[in-house]
Amino acid sequence: MNRYCLDDNLQLQTFLDEQTSSTSKGFEGSQFSETRLSWLPDVIKDFILPSGFPESVSDDYLQYMILQFPTNVTGWICHTLVTSSLLKAVGIGSFSGTTAAASAAAIRWVSKDGIGAVGRLFIGGRFGNLFDDDPKQWRMYADFIGSGGSIFDLATPLYPSYFLPLASLGNLTKAVARGLKDPSFRVIQSHFAISGNLGEIAAKEEVWEVVAQLLGLALGILILDTPGLVNSHSVLSLTWLSMRLLHLWFRYQSLAVLHFNTINLKRARILVRAHILHNKVPGTVDCNSQENILVWERFTRPSIIFGVSLEEMMGGERSSSTVMKLLKLYANEKYILMLNSQGKDLKVFVSFKVGASSMSVLRSIWQTYWLDKHWDSTEGVVDQLARSLSEMEDKFNDFMQLLEGGGWDTHQLSLKVPNNVLIDFC
């Protein structure tokens, strides 16, 4: 957290306030308190534990994960041993003769799996906090990345001497895809379970998936039995490409029909823009239909950069007059918004104060879109910021009422406050 003070010369001074308040709190009713993990570096804890741990999870989370770890280790040891037996069974070595070939092949095969596991490790540790916000986007990206992994697999017959690196790259890429797919789909399953029946939803989804798998395997065998396919790698590749494009199209269509009633950043932009322009908000069906599944946040306009430092927001200017104007202007808000209007489009910077919440993020988005519509380059920046805050004070409650009337969940917004930079003042 950054703390800001004005010195004797009325210049802004910045101090880094290291806080570890979360480490002083333990789970209630759990023998595995976070104090037990105090020896771990923060970067490791951020990598393996959910954001907001331990308050963001149930009391039994850590104990379960600690016991689950050796469970998975022993399971993969068994997998390695079974792989060696399977390779022997298909003729690579034998139990009666030398086992060196089978062991070497098993090591290479398991190494391929291990390289793939690195991809899942990276995705889960580095991007685990993204899936709740936009599961549709990440589920779609998972299929794109998985398609890339299959291309490496298809290339192995062309370059058999490079089987291990090609198969490893394919496994790595598909493991990254799986690391995106599984958490995203769990969020989608939770969306389906409106009666608290998540277990049944998951079980029935397994039924659908197994039936589809059996049908797909049967059709795949029929395709492989088609004369000319086995001996022509180019025909096989074109057949795969056709099926993959069809697969991606079906995936996009299936995700497009999902109607979430939670408000993430994409849907917040759609809802706020409709309120600013037309004084109404679309319902869940219309809003989800307008949502672009593939677009990145950085390519949307107006551009909003959340979680910037006060120095970056002010362009290095530390004069007391500018700081005091902003402090006074945003005294009743848990954020500070500033903008850069030098280019064609507005570029908005948002810094969050200590205690900011998802509602603070939503309010900053509303102010941004009001400024984007009413921006006047001939008028002073501070004056327009003040006017936008005044308009928000008058109309934001109406916006929230329209959201509730439209069936939106306004109690649990999927709008996260960046925790890397929070500001406080002396």
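Read-outs throughout are calculated quantities, based only on the coordinates presented, and are distinct from any laboratory measurement. Bear in mind the structure is a predicted one, so any value in this text is a computation, not a measurement. Backbone-built Cβ (ideal geometry, glycine too); neighbour counts: all protein chains shown.
Would you please name the residue that is nearest to Tyr141 (Cα to Cα), looking only at residues in the range 201-216 that are surrounded by 12 or more Cβ atoms within 10 Å (Cβ to Cβ) and over 24 Å from the mean Cα position of the chain (by Cα)? The extreme case among them is Gly216.
Candidates in the range 351-378 are the residues that are farther than 19 Å from Lys328 by Cβ and free of Cβ contacts under 8 Å to residues at least 24 places away in the same chain; of these, the one that is surrounded by the fewest Cβ atoms within 10 Å (Cβ to Cβ) is Thr378. Among the residues of the range 164-185, just one is in contact (Cβ under 8 Å) with a residue 12 or more places away in the chain and loosely packed, with under 15 Cβ neighbours inside 10 Å, namely Leu164. Within the range 137-163, residues that are surrounded by 14 or more Cβ atoms within 10 Å (Cβ to Cβ) reach partners that are not in a helix (DSSP H, G or I) with beta carbons closer than 6 Å, at six or more positions or on different chains, in the pairs Gln137/Ile293; Trp138/Phe131; Met140/Ile293; Phe163/Thr156.
The residues in the range 132-166 that are assigned to a loop (DSSP other than H, G, I, E, B) and among the polar types (S, T, N, Q) can be counted, and the count is 1. Residues considered: Leu236, Leu219, Leu248, Leu265. Of these, the only one that is under 16 Å from Arg139 (Cα atoms) and not small (Gly, Ala, Ser) is Leu248. With the condition kept exactly as written, say whether any residue in the range 223-231 is part of a helix (DSSP H, G or I) and within 33 Å of the chain's Cα centre (by Cα). Checking the range 223-231: not a single residue is part of a helix (DSSP H, G or I) and within 33 Å of the chain's Cα centre (by Cα). Remark: pairs (first residue in the range 236-265, of a type in the set (Lys, Arg); second residue surrounded by 16 or more Cβ atoms within 10 Å (Cβ to Cβ); Cβ separation under 8 Å; 6+ apart in sequence or on different chains) = Arg244/Ser147; Arg244/Ser150; Arg251/Arg139; Arg251/Met140; Arg251/Asp143. Listed here are the helices (runs of 4 or more DSSP H) enclosed by the range 238-340 that have at least 2 residues being small (Gly, Ala, Ser) and exposed (fewer than 15 other Cβ atoms within 10 Å of the Cβ): 320-329.
Return a yes/no flag: does the range 358-371 have any residue that is among the basic types (Lys, Arg) and under 24 Å from the mean Cα position of the chain (by Cα). Walk me through it before giving the result.
Taking the range 358-371 first, the residues among the basic types (Lys, Arg) are 363.
When the remaining residues are screened for being under 24 Å from the mean Cα position of the chain (by Cα), the result is 363.
Scanning the range 358-371 turns up at least one residue that is among the basic types (Lys, Arg) and under 24 Å from the mean Cα position of the chain (by Cα).
Number of residues in the range 391-426 that are surrounded by 14 or more Cβ atoms within 10 Å (Cβ to Cβ) and either in contact with a Phe, Trp or Tyr (Cβ under 6 Å, 6 or more places away or on another chain) or outside any loop (DSSP other than H, G, I, E, B) (or both) equals 14. Remark: pairs (first residue in the range 384-397, touching a residue at least 12 places away in the same chain (Cβ under 8 Å); second residue of a type in the set (Lys, Arg) and buried (at least 16 other Cβ atoms within 10 Å of the Cβ); Cβ separation under 8 Å; 6+ apart in sequence or on different chains) = Met392/Arg363; Phe396/Arg363.
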